Amino acid sequence: MSLSRAAGLLLVIIYLGFVSLGLPDGTLGVAWPAVYPELRLPVGLAGVLMLVGTLLTATSGFSSGWVAARFRTGPVVLVSCALTSGAMLLLSQAHSAAMLFIAVIPLGLGAGAVDAGLNGYVARHYSGRHMNWLHACWGIGATAGPLVMGRALATAHGWRGGYLAIGSIQLGLAALFLATLRLWEKVPTHAAVATAAAASATPTRTAASFEGWLSAVIFALYTGAELSIGLWAGTILVVDRGFAPERAALWVAGYYGAITAGRIGIGFVHGRWTNRAIVRAGTLLAGASALGFAFGGSGLVAVVSLALIGLGFAPVYPGLMHEVPRRFAPEAVQTVIGRQSGAGALGAAVFPALSGAIAQEALSGVIVLALALMLALAVAIGWLDRRT
């Protein structure tokens, strides 16, 4: 098999891996109304399960550099996918809170390793358009997972059938990874990085540098802003702006849809602009649109602004991931990417929780928090660009 054909085949498999990574996200929220009464659990336990899973995902991401230094990407992704598929299958058989928590352990560890491992591999071996499409694939999976669970809830198999279906899909993907392990070693490093190396322009900045930690903080800020808006936009539209719940739900879906559609679209035009230019433009659009949402009242300006926030957010995560090999030494790349994934998971846990405490006092405070996070994000990205 030629190198170009091997690279193309492996890219399809990697895309499927990110679809699989997104599949479990959102399923707990859909399944929980059926899970907790059947297992006689407190309704609030879902939050604890999410927190434990997020912390384990962060731990796995932070340790991915250490793991990558000892094992190749292919085997790591294979084992991680097997862990997540096993977790889904275990969830389908759960009969107690203890079993739920046991299942969350491989789910969190596996998800963090797959996320960091595939991001690192694509950053080193493929162009920026493919990094954007990779994260669009996560959005497809995150959309499909709740749909699969919703369909299962309408059958006699219920939520157990939903987790069984998703676990089976991921088990099939693990088998595909096993059958294609050799492909991971055939794909050459992306031409842009190779060209820089040939010109003796290979970055020498280490993961332990200030910039290495600043990049992690950026990801915590980004996920905190994205998820805080996604969590509370619907409530703000209903409670503060007078929208009907079903209409608000449509616009929140539009917010997430804009993130996914934006990543697909950016992939087609990526070669015309650099990652840094696209990310800066995205953060500017998101910030300006957040102001529109804050002061747009109950009219069209507010809801269009919400969708534009999602469009502005679209290039930030994949663009910053893809820049890592151009900012840091080759031996530091996986450590930095893993740290970014871990910090992103922490931001996804901490800031939405903080926004919940703020919303308890005043929903308008959530918008203030989101604007503050966006401002800090823009300043931090600009600082990182100037220093690297």
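Taking residue 142, is it under 30 Å from residue 340 (Cα atoms) and either surrounded by 18 or more Cβ atoms within 10 Å (Cβ to Cβ) or touching a residue at least 12 places away in the same chain (Cβ under 8 Å) (or both)?
yes
Based on this model, can you work out whether residue 247 counts as assigned to a helix (DSSP H, G or I) and surrounded by 16 or more Cβ atoms within 10 Å (Cβ to Cβ)?
no
Provide a single number: the residues in region 1-57 that are within 24 Å of residue 150 (Cβ to Cβ), assigned to a helix (DSSP H, G or I) and charged (D, E, K, R).
1
Do we find that residue 123 is over 20 Å from residue 337 (Cα atoms) and touching a Pro at 6+ places or on another chain (Cβ under 8 Å) in this structure?
In short, no.
Any residue in region 44-66 that's farther than 17 Å from residue 119 by Cβ and of a type outside the set (Lys, Arg): show its pairings with residues that are surrounded by fewer than 17 Cβ atoms within 10 Å (Cβ to Cβ) and modelled with pLDDT under 85 at Cβ separation under 7 Å, as long as the two are six or more apart or on different chains.
Close Cβ pairs (under 7 Å, with a partner that is surrounded by fewer than 17 Cβ atoms within 10 Å (Cβ to Cβ) and modelled with pLDDT under 85) do not exist here.
Which members of region 113-134 meet the condition of being touching a His at 6+ places or on another chain (Cβ under 8 Å) and either over 12 Å from residue 324 (Cβ atoms) or of a type in the set (Val, Ile, Thr) (or both)?
Of everything in region 113-134, those that are touching a His at 6+ places or on another chain (Cβ under 8 Å) and either over 12 Å from residue 324 (Cβ atoms) or of a type in the set (Val, Ile, Thr) (or both) turn out to be 122, 125, 126, 127, 129, 132.
Can you pull out the residues in region 186-234 that are aliphatic (A, V, I, L, M), part of a helix (DSSP H, G or I) and modelled with pLDDT of 85 or more?
214, 216, 217, 218, 220, 221, 225, 227, 229, 233
The values are calculated or read from the model by the stated rules, or taken from the named source; none is laboratory data. As the structure is a prediction and not an experimental result, all values here were calculated from the model. Methodologically, a virtual Cβ is constructed for each residue, glycine included, from the backbone with ideal geometry; neighbour enumeration extends over all protein chains shown.
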